[in-house]
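One structure below.
Just so it is clear, none of the values below were taken in a lab; they were calculated from the coordinates. Since the model is a prediction, treat every value here as computed from it, not as a measurement. No Cβ is skipped: glycine too gets one built from the backbone with ideal geometry, and neighbour counts run over all protein chains shown.
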Amino acid sequence: MSKKLTNNRKKIVKKINKKKYSLKEAFLLIKEIQFVKFDASVDIAINLGINTRIINQIIQGTVQLPHSLGKNISILALVNKNQELEAKKAGADYVGLDYIEKIKSGWKKKIDIIIAIPSVMNKLGTIGKILGPKGLMPNPKLDTVSINPIKSIKEIKNGKIFFKTDRYGIIHSSIGKVSFSDQKLIENTKLFLKKVIDNKPSSFKGNYIKSIYLSSTMNYSFCIDLKIFMKK
């Protein structure tokens, strides 16, 4: 890191304090302290007050972001032969049931999501131990087991994302790129938060959202003021 860059970084870091920020303030700072040479992702971490040991308090769902994520999502479509061409046209990066054997044999290509038709699910048992830990196992609750895989592929390519609490009750997700306008980032964030709130279990009592942090790749995070985030 050059001396000039280090000095600039020090000046900007001085602006950061431990207060809570509106969405607009957070995004302005995230952009101002960017020093990486690539278009970094903007990430959100939502700490929920749920108990992940209670099965009906595990939060998961989908949301169609209005402005997508600004990056290509790599999709493997496990569909029948007669659906392969349509799946490719819809945007699937890898298509066909022969990939089940390829994965079993150690296929290493990066995949973000696997879409499967229901009839294929009984064939995935042999690779469940490979897909499960990577979060790639198709799941009907997340619309990755689909009777209309072409529609599912198009939706994902156009900004549909999946979220789920981790073992600590935190939801991690990207909500755009630093190059996005503040307005696009705010609109993506608001809709994402709305979907998380809509998924609050009806039986849950207590403080549902404990904290929300926004950050960019390899950078500082900013705590969002829960009282105002839906207004900014």
For Ser211, other-chain or 5+-apart residues with amide H closer than 5 Å (H placed, Pro excluded) are Asn47
Once the dipole of the chain is set up from charges on Cβ (+1 Lys and Arg, -1 Asp and Glu), the residue from the list Pro138, Phe222, Ser203 lying farthest towards its positive end is Phe222
Averaging the inverse of every distinct alpha carbon separation and then flipping it gives the Kirkwood radius. What is it for segment 158-200, in angstrom units? 11.5
Segment 85-100 to segment 174-212: how many Å between their Cα centroids? 31
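Of Lys24/Lys141; Lys71/Lys123; Lys88/Lys184; Lys110/Lys160; Lys102/Lys134, which sit over 21 Å apart, Cα to Cα?
Those over the limit are Lys24/Lys141; Lys71/Lys123; Lys88/Lys184.
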Options [x] 1.14; [y] 0.97; [z] 1.04 for Cα Rg over 2.2 N^0.38 Å; the value derived from the coordinates is listed as [x]
With +1 on the Cβ of every Lys and Arg and -1 on the Cβ of every Asp and Glu, and nothing else charged, how large is the dipole of the chain about its Cα centre, in debye rounded to the nearest 20? 1020
Could you give me the ³J(HN,Hα) list for segment 76-91, computed from phi with Karplus coefficients 6.51, -1.76, 1.60 and θ = phi - 60°, whole Hz, x at Gly and Pro? 9, 9, 9, 10, 5, 4, 6, 9, 4, 4, 4, 5, 5, 5, 6, x
Which one of Gly106, Gly125, Ser174 is farthest out on the positive end of the charge dipole of segment 97-174, using unit charges on Cβ (Lys, Arg +1; Asp, Glu -1) and the Cα centre as origin? Gly106
Of all the Cα-Cα pairs you can form in segment 75-156, what percent are over 20 Å apart? 22
